[in-house]
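The values are calculated or read from the model by the stated rules, or taken from the named source; none is laboratory data. This structure is a prediction, so every number in the text was calculated from the model and none was measured. No Cβ is skipped: glycine too gets one built from the backbone with ideal geometry, and neighbour counts run over all protein chains shown. When the accessible area is computed, the model is the full protein with side chains, heavy atoms only, and any ligands, DNA or RNA have been set aside. Shrake-Rupley method; radii C 1.70, N 1.55, O 1.52, S 1.80 Å.
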Amino acid sequence: MIDPYNNKEGVADIVINNGVISQVIIKNKIKSLTRKFNSSNNIVEIDAKGFHVFPGLIDMHTHLREPGYEYKETISTGTLAAIKGGFTSVCCMANTNPVNDNPEVTYYILAKAKEEGSCDVYPIGAITKGLKGEELSEMVMLREAGCVAFSDDGMPVMNPLIMRRALEYSKAVGAPIISHCEDLCLSENGVMNEGKLSFYLGLKGIPKASEEIMVSRDVILSRHFKATIHIAHVSTKGSVEIIKRAKEEGVSVTAETCPHYFTLTEDAVSGYNTDAKVNPPLRTNEDKEAIIEALKEGIIDVIATDHAPHHIDEKKVPFNEALNGISGLETAFALSLRLVHENILTLKQLIEKLTVNPSKILKIGKDGIREGSESDLIVVDIKKEWIVDKNKFVSLGKNTPFDGWKLKGKVIFAFKGKKFFDLREE
Ligand SMILES: [Zn+2]
Ligand SMILES: [Zn+2]
């Protein structure tokens with residue numbers, strides 16, 4: 001068991017009673033248990049020898065698509081995909097239809113999640129009405145309704161005065177702003193990273209400056225108005241450098257990146273592969289290496305999926321017309337484990353970026369694997385090799401550039417409250 005919330009590591013017996021962890025017994029050596037089912041007193045024993053137990057992973061950047069785009073994903077399919085990927089909590093972005101810019105939408109999402117969801121769902125409210133960047137949403141009411149953060153993700157907040165006001169409100173209500181950093185004047189109509197390859201492919205590029213200018217601006221706003229800002233999906237070396245300096249100067253900034261930014265480069269779009277079209281775009285090897293280093297040094301606090309499922313008809317079109325996004329929930333953890341298998345991160349460092357760090361940033365009060373807490377944990381075979389098959393995705397979104405990849409690490413059981421998921425195949 002590795003539990004970064006309680007700084008506990010070791011071999012353990014964990015007893016779960018009616019959805020609540022009743023005992024955690026740390027032991028010195030492995031005592032093999034056999035899986036028994038005793039119907040008379042309803043006790044199930046799982047022998048997890050050789051496997052790892054972690055607190056349930058948190059994805060602080062998910063697009064669940066409901067309400068409005070149920071043909072792409074629903075709360076039911078998205079949360080089940082999350083469980084399959086080891087995430088027992090997801091935070092869903094506001095770019096639904098209608099946009100989550102008023103409490104009615106928040107209540108709808110929470111009610112649906114309670115009824116049909118497999119994992120915990122934490123809504124993220126819009127910063128501005130309709131994600132238009134013009135007028136602040138009802139942030140106080142959204143917070144009261146249950147939003148854990150605010151973001152116009154998908155769209156940047158271009159007007160710095162509106163971002164300033166949003167930061168001030170976010171401080172007042174105690175929930176961070178998550179910024180999708182993109183200067184639309186610089187990125188407009190771009191479809192991939194700007195450079196030699198975009199020139200060669202004849203595609204309009206998005207310069208790295210488009211992201212970095214906004215990261216700089218947000219860091220400056222955060223410094224001056226003393227509010228916390230969280231930078232979404234960091235994709236460039238320059239952004240890492242800005243965030244590093246800001247943290248050194250004591251600015252309240254946190255950051256996330258996604259598995260595709262530390263696994264792939266722009267080369268993945270060669271051949272006009274629309275499944276590798278994301279925003280921000282995949283960058284160069286230099287950026288990828290800087291992001292890996294930033295994860296190692298703790299400059300980037302969180303790994304999030306930016307799970308963005310789309311219908312096949314929205315991807316099977318010419319590159320310029322294809323929508324941005326990767327269906328990431330079911331591959332994110334195994335892709336992240338590559339950093340551990342390659343000795344870049346320790347297993348504990350990786351689990352921190354997927355559990356305690358997002359929990360702290362969002363103040364959602366998860367407390368790990370401890371007696372008296374609701375069961376919220378996963379059992380993982382980190383050595384299990386498997387081949388990504390998008391047709392086996394639970395998510396309705398089959399848009400992945402990782403189809404056919406051989407990955408190592410699979411979630412085999414998940415416990416969430418009274419729910420138990422046996423995720424072993426065949
Ligand atoms: Zn975004
Ligand atoms: Zn997103």
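Select from the stretch 125-153 the residues that are open to solvent by less than 50 Å² (accessible area, probe 1.4 Å) and in a helix (DSSP H, G or I) and write down the one among them that is farthest from ligand 1 (Cβ to nearest atom).
Taking the candidates together, the pick is Ala145.
Can you pull out the helices (runs of 4 or more DSSP H) entirely within the stretch 156-275 that have at least 1 residues that are without any contact (Cβ under 8 Å) to a residue 60 or more places away in the chain and buried (at least 24 other Cβ atoms within 10 Å of the Cβ)?
Numbers: elements: 160-173, 184-187, 196-201, 208-225, 237-248, 259-263.
In the stretch 156-275, 160-173, 208-225, 237-248, 259-263 are the helices (runs of 4 or more DSSP H) which contain 1 or more residues that are without any contact (Cβ under 8 Å) to a residue 60 or more places away in the chain and buried (at least 24 other Cβ atoms within 10 Å of the Cβ).
Being of a type in the set (A, V, I, L, M, F, W, C), under 24 Å from Glu256 (Cβ atoms) and in a loop (DSSP other than H, G, I, E, B) narrows it down to one of Leu80, Leu64, so name that one.
Just one listed residue meets the conditions, Leu64.
To keep it simple, each residue is scored yes or no on (1) over 14 Å from Ile412 (Cα atoms); (2) open to solvent by less than 10 Å² (accessible area, probe 1.4 Å); (3) within 15 Å of ligand 2 (Cβ to nearest atom); (4) among the hydrophobic types (A, V, I, L, M, F, W, C).
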{"site": "Phe54", "(1), (2), (3), (4)": "no, yes, no, yes"}
{"site": "Thr62", "(1), (2), (3), (4)": "yes, yes, yes, no"}
{"site": "Gly68", "(1), (2), (3), (4)": "yes, no, no, no"}
{"site": "Val99", "(1), (2), (3), (4)": "yes, no, yes, yes"}
{"site": "Leu110", "(1), (2), (3), (4)": "yes, no, no, yes"}
{"site": "Ser118", "(1), (2), (3), (4)": "yes, no, no, no"}
{"site": "Pro123", "(1), (2), (3), (4)": "yes, yes, yes, no"}
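For the stretch 305-356, which positions are more than 16 Å from ligand 2 (Cβ to nearest atom) and acidic (Asp, Glu)?
Answer for the stretch 305-356, where residues must be more than 16 Å from ligand 2 (Cβ to nearest atom) and acidic (Asp, Glu): Asp313, Glu321, Glu330, Glu342, Glu352.
When you check Lys288 against the structure, is it among the basic types (Lys, Arg), within 16 Å of ligand 2 (Cβ to nearest atom) and at pLDDT 95 or above, yes or no?
Taking the combined requirement at face value, the residue does not satisfy it.
Which one of these is in contact with a Lys or Arg (Cβ under 6 Å, 6 or more places away or on another chain), under 22 Å from Leu337 (Cα atoms) and assigned by TED's automatic domain parsing to the domain that holds Pro176: Thr62, Thr79, Thr88?
Thr88
Among the residues of the stretch 366-375, is any in contact with a His (Cβ under 6 Å, 6 or more places away or on another chain), modelled with pLDDT of 95 or more and open to solvent by 10 Å² or more (accessible area, probe 1.4 Å)?
Among the residues of the stretch 366-375, not one is in contact with a His (Cβ under 6 Å, 6 or more places away or on another chain), modelled with pLDDT of 95 or more and open to solvent by 10 Å² or more (accessible area, probe 1.4 Å), which makes the answer no.
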